[in-house]
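The block underneath contains the structure these notes are about, expressed in structure tokens.
The values are calculated or read from the model by the stated rules, or taken from the named source; none is laboratory data. The shown structure was predicted, so the numbers you read here are calculated from the model rather than taken from an experiment. Quick reminder, even Gly has a Cβ in these numbers, built from the backbone with ideal geometry, and neighbours come from all protein chains shown. Surface areas here come from the heavy atoms of the whole protein model, side chains and all, with no ligands, DNA or RNA. Shrake-Rupley method; radii C 1.70, N 1.55, O 1.52, S 1.80 Å.
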Amino acid sequence: DGILCNGELITLTNTSSNYGSTSGTFSWNIEGAENIVEQGPNVTFVYSEDITNATWRLTYSDESGCESLHQIEQSVNVDLIIADFTVDNEVICDSEGVIELISTSTTDLDGAFIYNWEVNNNPISGTSPTNTHTFSSPGTYSIGLTVENSDTGCSSDLEYKENLVEIVGETMFS
């Protein structure tokens, strides 16, 4: 039991006394998992969401008809965090202005979440699900967000939206 972060692999190892025997075969059955890979004595897999009482089975059978089964029921808590966000304004006129950053991230209900925002790969202050940023010069800016659960240490991948905000220069003449 425990908490798994997004995409964290679970590895089970066949420790059977007859592993390596040439007369029989082993097969894994991993209920509800994704990306199941068998390699040698190991099987690896992931869960993308919480699962209650998943069944993990290892079956041995040989040519003489012998068969044995080892089975475990296991609940898995996946700390699913997917960063996403919107901004209230993608175009600001007159060379400067403020935008509001709004997290639309997917998070589990359990935990204290920290929202790490960045503009053009530079962190900005504030760790709330909504934040503001002031732009003071014309240009095109990229925005990023990573969300971390401070209780579990799990975090999302960086959600980075290139060239999301454009600050248009002021109109002048002389």
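Residue by residue through segment 120-149, note down the ones that are under 16 Å from the mean Cα position of the chain (by Cα) and open to solvent by 60 Å² or more (accessible area, probe 1.4 Å). Residue satisfying the conditions is GLU148 alone. Scanning segment 153-169 for residues that are more than 15 Å from LEU101 (Cβ to Cβ), over 20 Å from the mean Cα position of the chain (by Cα) and among the polar types (S, T, N, Q) turns up at least one hit.
In segment 141-169, what residues are within 20 Å of VAL78 (Cα to Cα) and among the hydroxyl-bearing types (Ser, Thr, Tyr)?
Just the residues of segment 141-169 that are within 20 Å of VAL78 (Cα to Cα), to begin with: 146-159.
Hits for segment 141-169 are THR146, SER150, THR152, SER155, SER156.
Going through (1) open to solvent by 50 Å² or more (accessible area, probe 1.4 Å); (2) touching an Asp or Glu at 6+ places or on another chain (Cβ under 9 Å); (3) of a type in the set (S, T, N, Q); (4) within 20 Å of THR15 (Cα to Cα) one by one, SER68 falls short only on (2).
Every listed requirement among (1) in a strand (DSSP E or B); (2) more than 30 Å from ASP157 (Cβ to Cβ); (3) open to solvent by less than 60 Å² (accessible area, probe 1.4 Å) is met by ARG57 save one, (3). Taking segment 85-110 as the range and being within 14 Å of THR130 (Cβ to Cβ), free of Cβ contacts under 8 Å to residues at least 40 places away in the same chain and outside any strand (DSSP E or B) as the test, the residues that pass are ASP88, THR104. Among residues of segment 121-139 that are outside any loop (DSSP other than H, G, I, E, B), those with a Cβ under 6 angstrom from a residue that is open to solvent by 80 Å² or more (accessible area, probe 1.4 Å), sequence gap 6+ or separate chain, pair up as THR132/VAL98; THR134/VAL98; PHE135/GLU96.
Which residues, counting only those in segment 38-82, are within 20 Å of PHE26 (Cα to Cα) and charged (D, E, K, R)? Let's see the steps before the verdict.
Taking segment 38-82 first, the residues within 20 Å of PHE26 (Cα to Cα) are 38-45, 54-73.
Selection gives GLU38, ARG57, ASP62, GLU63, GLU67, GLU73.
Considering ILE102, ILE114, the condition of being open to solvent by less than 70 Å² (accessible area, probe 1.4 Å) and over 21 Å from GLU8 (Cβ atoms) is satisfied by ILE102 alone.
Yes/no per residue for (1) among the aliphatic types (A, V, I, L, M); (2) under 28 Å from the mean Cα position of the chain (by Cα); (3) surrounded by fewer than 11 Cβ atoms within 10 Å (Cβ to Cβ):
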position	(1), (2), (3)
LEU4	yes, yes, no
THR11	no, yes, yes
SER23	no, no, yes
GLY32	no, yes, no
ASN35	no, yes, no
GLU38	no, yes, no
